Ligand code: GDP
Ligand code: IMO
Ligand code: MG
């Protein structure tokens, strides 16, 4: 069974924990979109590992971990991550990078930082890792790909087209320093060395030979951050949805059997943008504190709120989810009451939305319609069997399944690999 792991909310749902778990049975793990904006945490063997670009399956040592064509790679971040893993004694011989992945150049990071720091209106709250500008150049046919690093001819021709225009924009629009061709060529030489041991020029053979093996597709970010379906423009610049696994990996849709959407028992979001169930009171603070809700990549406190079945149902649809992995239910162990948003109410007209309204500019007029569930008041983090969960917890899970109309197949009760319940 080939599976895709997709973030079903606004990222940080615990995807890496679930990917790491499922990677146990996989031969090939493919990261299909995003870049080092991702911050993925795996807790295994009493150690915490943080990944940004490298698929978390790398920890097993005997899996092929492929960073696909749909990703954007900041070479310095890749280099740092590789070195840290080697220092920790992890066998990374299975690591491969697609020659078609896009390169984040220093000017992409500079433009991202400049746009964020100088935005008077419409700030996105990006990770400042150059993600948006790299994807912008890719789609504008203005980008560099890993394979260009090994082709002086391609680099020469491309830079002659890219640099005059790029420099004009850097100087005139952003007031940033231009880049000489010599400087970019020197950077590319350095990057070529960084990627050399990992570039998979025979990726077509690799994918063909893996067709009968177990493949796990690893998503970054989440459906609500998807550039086409998320809370646009407060999104990332790639397609985290299940469909993104095809464009970003090189495999077609028939290669996918299951799409597992990872969702927290509540919702978090980092950066700007609408968030109807956001709690700016002490309940939000309590969730943040117990759930340790601070960004892996930027350290920013995550905004917290109640579980939102309206966006989640939308996620099931556009994300193509076939089941859900619900994480962090242990965070509610001490809560007397747990709320679930089942609809939005328009405070101007009284209109009730049970389907997700995609025009995010009206979200400020929406308030959540909640149903309240009784808490379970006990520690669930040591439970490994579904039947052992407290009754109120099972009722809560059953209600979510009813609302989402897909099964909750995995329940996570703590950060460790072991702290997982597989529901049969
Ligand atoms: P990702 O980006 O989706 O991989 O998630 P992050 O790594 O950014 O954030 C998830 C955080 O929650 C990490 O610190 C995980 O170790 C932690 N985590 C994952 N599952 C659980 C869980 O079930 N309970 C608790 N308490 N923490 C969890
Ligand atoms: P993982 O994979 C949570 C958010 C940023 C910002 C928006 C655009 O760990 O779930 P970008 O730098 O991508 O241009 O920022 O997307 N964002 C994430 N939020 N988890 C992530 O990754 C994120 N990657 C980007 O905070 O709101
Ligand atoms: Mg994260």
Margin query: Under the rule a/c < 1.5 gives rounded, and otherwise a/b versus b/c splits prolate from oblate, where does the range 36-76 land using the Cα gyration tensor?
Written below: oblate
Margin query: Taking a ≥ b ≥ c as the square roots of the Cα gyration tensor eigenvalues, with a/c under 1.5 meaning rounded and otherwise prolate when a/b beats b/c, else oblate, which class fits the range 137-241?
Written below: oblate
Note to self: Can you give me the angle between helix 106-118 and the longest principal axis of the chain, using Cα atoms only, in degrees from 0 to 90, rounded to the nearest 10?
What the structure shows: 50
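Quick one: grab the alpha carbon gyration tensor of the range 1-101, order the square roots of its eigenvalues as a ≥ b ≥ c, and give me rounded if a/c is under 1.5, else prolate or oblate depending on whether a/b is larger than b/c.
Verdict is rounded for the range 1-101.
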Checklist line | Relative contact order (%) - the range 1-137, alpha-carbon pairs under 8 angstrom, separation at least six | finding: 21
Item checked: For the range 42-161, the Rg and Dmax computed from alpha carbons only, in angstrom -> 16.5, 51
Notebook entry, point to check: Based on the mean of other beta carbon atoms within 10 Å per residue, what is the order of 135-147, 298-310, 257-269, 157-169, most packed first?
Noted result: 257-269, 298-310, 135-147, 157-169
Note to self: Rounding to the nearest 10 and keeping the result within 0 to 90°, find how far the Cα-based axis of helix 309-318 lies from the longest principal axis of the chain.
What the structure shows: 40
Notebook entry, point to check: Which angle from 0 to 90°, rounded to the nearest 10, does the C-alpha axis of helix 391-404 make with the longest principal axis of the chain?
Noted result: 60
Item checked: Inter-label distance for residue 282 and residue 391, nm, one decimal - labels placed 7 Å from Cα along Cα-to-Cβ -> 3.0
Next item on the list: May I ask you to derive the relative contact order of the chain, considering only C-alpha pairs under 8 Å and at least 6 residues apart, and to give it as an integer percent?
Entry: 20
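Short version: what are the Cα gyration tensor semi-axes of the chain, square root of 5 times each eigenvalue, largest first, in whole Å?
37, 26, 18
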Next item on the list: Please give the peptides 273-284, 238-249 ranked by average Cβ packing (other Cβ atoms within 10 Å per residue), highest first, as a rough proxy for protection.
Entry: 238-249, 273-284
Item checked: Cα-Cα P(r), the range 273-398, percent of pairs per 10 Å interval -> 11, 37, 38, 13, 1
Notebook entry, point to check: Normalised by the residues of the range 147-253, what does the relative contact order come to in percent, with Cα pairs under 8 Å and at least six apart?
Noted result: 15
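Taking the mean number of other Cβ atoms within 10 Å as a proxy for protection, how do you rank 115-126, 187-198 from highest to lowest? Mind dumping the intermediate values first?
Values: 115-126: 13.1, 187-198: 15.9.
Top of the packing list down: 187-198, 115-126.
Any read-out appearing in this document is the output of simple, stated calculations on the displayed coordinates, not a laboratory observation. This one's a predicted model, so the numbers in the text were calculated from it and none came from an experiment. Positions of Cβ are generated from backbone atoms using ideal geometry, with glycine treated the same way; all protein chains shown enter the neighbour counts.
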